[in-house]
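Below is one structure, written out as structure tokens, with a few remarks after it.
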Amino acid sequence: MSNNLEQNLNEIEEMFKNGMMDRETYENIKKEIMENDTVQPPSQEAAPAAEFLAQNTNMQPVGNAPTAPPAPVAPKYYVLIAGKKIGPFEREDFINKIRAEEYGKKTMVWMTGMDENWVEAGTLPELENYFPDLPPSSPAAQAGGSSNNSSANKKVNVLFSIKHDVSNKKPFPIKINFKSDTPEEIPELVLVKGDPRPLSKDEGQIVDRVPAFKLKKGMFSGGYTASITIMSAPVSLSAEFALFPSAVNKSIKFKEVTSLL
């Protein structure tokens, strides 16, 4: 028995012991190696067992067959509306809601796979092509002109009312109602309290922040509306509340009224 033959037989025996081939394959390959060693001329060395296996079989190691990679998990989307988490939505369902203008670019969104921070929907590259295009500006605005009938430089009025029964002993709800003639995208708002009434968001103590949301068509009244509720800790009975945009807003004018009825 030549040294190469002995080496090859030892190699396939190790493969068999390690479960890389079944007994039938082992016996067949062993037989072929021995036959090849008998008939080949002395100047031709027997191929190593691993090379012989590659050339003469298409077998896979027993018990170690490759497995298909797991199918990717489709992301699920959540939105934050008036402080309430809504979802999850499948991707197609969420895109359909964007196309129907239920949610806009300013809607706060979180999807599986992200870190714990919520972001504006319009900042997600996979969603940016699904938001409806805004109508083009008027010819007068494009030409840099002005018109008495043009609303290009006018702010949209959004009315709101604040309702609450102040308590100095237990937490109590503060209900804020909104109304506008158009389906506006409301930016993040800040509810502050103070005594006397705060005149800006920097003068009072912040009660809560209201994430961006969109006004929807009212069911029983004209215009577009929304309603949110914020819980406040007990406060002085003389405390007053005020609502302000958290950043400078050049397109919406907020006006507080006693009632929206």
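Computed from the coordinates by the stated procedures, all read-outs in this text should not be read as laboratory data. Computed from a predicted structure; not experimentally measured. When we count neighbours, we look across all protein chains shown, and the Cβ atoms used for this are built from the backbone with ideal geometry, even at glycine.
K250: which aspartates and glutamates have alpha carbons under 18 Å from its alpha carbon, excluding same-chain residues fewer than 8 sequence positions away?
Straight-distance partners of K250: D181, E184, E185, E188.
Can you list the residues of region 86-120 with backbone N under 13 Å from a point 7 Å past the Cα of K216, pointing along Cα to Cβ?
86-87, 97-98, 100-104
Which value in nm describes the separation of the simple spin-label points at Q205 and E116, placed 7 Å from the Cα toward the beta carbon?
2.6 nm
Within 10 Å of each residue's Cβ, count the other Cβ atoms and sort T258, T182 from fewest upward.
T258, T182
Which of K169/K255; K76/K253; K105/K155; K76/K255 have a Cα-Cα distance over 26 Å?
From K169/K255; K76/K253; K105/K155; K76/K255, over 26 Å: K169/K255; K76/K253; K76/K255.
Under the 0.36 nm per residue contour assumption, what length would be gained going from the current alpha-carbon distance of D181 and S238 to full extension?
Taking 0.36 nm per residue and subtracting the Cα distance, the gain is 17.1 nm.
Once the Cα gyration tensor of region 156-256 is diagonalised, what are the square roots of 5 times its eigenvalues, in whole Å and ordered largest first, as equivalent ellipsoid semi-axes?
They are 24, 16, 10 Å, listed from largest to smallest.
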